[in-house]
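The values are calculated or read from the model by the stated rules, or taken from the named source; none is laboratory data. Values in this document were obtained by computation on a predicted structure and should not be read as measured data. Note: ideal-geometry Cβ built from the backbone for every residue, glycine included; neighbour counts use all protein chains shown.
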Amino acid sequence: MLGDDFDVVIGVDTHKHTHTAAVLNATGAVLDQLLVPADAKGYRQLIAFGQRHGERRLWAIEGTGTFGAGLTTALRARSECVVEVDRPARAPRRAGAKSDGIDAVRAARQAIAGDGISEPRGRGEREAIRVLLATRSQAVEFRTRAIGALHALVTSAPDALRERLRNLPLGQLLHTCASLRGSSRQSTEEFATVTALRATARRALACQHEAAEHEEQIHVLVQLVAPGLLAETGVGPVVAGQIIASWSHRGRVKSEAAFAKLAGVAPIEASSGTVTRHRLSRCGDRQLNRALHTIVMVRIRQDPRTKTYVARRLAEGKGIREIKRSLKRYVARHIFRELEALPKTT
């Protein structure tokens with residue numbers, strides 16, 4: 001139990017505008033509570049509040065990467081011990097009671113029990129990679145929507161315009177539509193369709209250019225943090241960036257088995273009768289899982305050793321989904337060892 005190593009545990013329920021803290025002793029008794037604004041002044045008040053209640057303090061914070069990011073940064077700058085507490089889908093309540101104070105107490109007691117806690121993810125280059133990945137993902141999503149809208153416009157366009165555009169490859173279609181010009185000789189319908197096609201194609205191309213710029217920035221940061229990842233088969237800048245963003249820094253994930261569980265590739269027993277097998281996990285960080293899936297799919301197509309492994313397991317009667325699960329687990333183990341060999345950063 002973490003409570004045995006500290007005089008007090010301070011649970012913090014974080015929100016956009018306010019943070020609520022509750023101080024508990026090692027046995028879980030509530031000693032004091034405080035509500036502060038979620039700004040620099042409030043962070044200083046919380047730190048002073050904690051210092052009044054003991055020398056050995058543990059801060060248990062919900063949402064260290066969202067509403068609690070500023071407080072977490074301020075605490076770490078003062079070398080305070082901080083853990084992140086999982087925010088439950090439905091907080092335990094007694095007789096329907098619900099308040100920020102109750103949630104702060106629950107966070108502290110969760111930390112005392114050592115249940116559902118983890119070390120906060122790092123910031124710096126890791127956070128830079130995360131925000132670039134998120135923004136690139138939005139750009140890719142908007143591009144996909146724009147392309148779908150463009151195809152719909154082509155399908156319903158006037159005959160002459162549709163026949164001109166319908167069989168063009170995607171890249172040529174985008175650039176052709178982006179350069180379309182209206183004319184006074186066109187009908188009202190055709191002129192409006194040309195305007196819509198041009199605007200939609202330019203939107204798709206702008207999102208494509210934006211995504212490429214973000215990927216270049218991610219590549220630079222990955223080279224700075226973990227250049228060895230890019231040498232792995234199937235690992236590009238985006239996949240490497242997602243792995244770094246999920247892993248964060250050396251020492252945060254305690255073992256390669258924990259990393260596999262984080263990635264949702266830890267095997268789950270699914271045996272019955274005389275059949276002994278394991279199935280895929282649906283838990284964990286799904287973006288990290290997708291990154292490992294991308295690596296496995298590339299290796300199945302391009303890596304000779306992986307091709308040999310797949311052929312052997314198929315001959316043994318294993319299904320392709322189970323083979324992919326095993327490969328994901330192997331990749332997770334290998335990548336985790338590569339990451340843990342990196343220098344430790346905060």
Next on the checklist: Among the residues of segment 81-101, what is the count of those that are modelled with pLDDT under 90, more than 19 Å from the chain's Cα centre (by Cα) and closer than 17 Å to residue 24 by Cβ?
Outcome noted: 6
Next on the checklist: I need the full set of residues from segment 102-119 which are under 19 Å from residue 8 (Cβ atoms) and under 23 Å from the mean Cα position of the chain (by Cα), in order please.
Outcome noted: 107, 115, 117
Checklist entry - Within the set of pairs 6+ apart or on separate chains, which have a first residue in segment 105-128 that is within 23 Å of residue 247 (Cα to Cα) and not assigned by TED's automatic domain parsing to the domain that holds residue 10, a second that is among the hydroxyl-bearing types (Ser, Thr, Tyr) and surrounded by fewer than 17 Cβ atoms within 10 Å (Cβ to Cβ), and C-beta atoms under 6 Å apart? => result none
Next on the checklist: Consider segment 232-254. How many of its residues are at pLDDT 90 or above and either touching a Phe, Trp or Tyr at 6+ places or on another chain (Cβ under 8 Å) or not assigned by TED's automatic domain parsing to the domain that holds residue 323 (or both)?
Outcome noted: 1
Item to check | Only one of 203, 164, 185 that is outside the structural domain of residue 238 (by TED's automatic domain parsing), in contact (Cβ under 8 Å) with a residue 40 or more places away in the chain and of a type in the set (Lys, Arg) | outcome: 203
Checklist entry - Which of the residues belonging to segment 291-309 are in contact with a Ser or Thr (Cβ under 9 Å, 6 or more places away or on another chain) and hydrophobic (A, V, I, L, M, F, W, C)? => result 291, 295, 296, 298, 300
Checklist entry - Of the residues 24, 75, 58, which single one is in a helix (DSSP H, G or I) and surrounded by 22 or more Cβ atoms within 10 Å (Cβ to Cβ)? => result 75
Checklist entry - Among the residues of segment 307-325, which ones are surrounded by fewer than 21 Cβ atoms within 10 Å (Cβ to Cβ) and either in contact (Cβ under 8 Å) with a residue 24 or more places away in the chain or acidic (Asp, Glu) (or both)? => result 316, 321, 322, 324
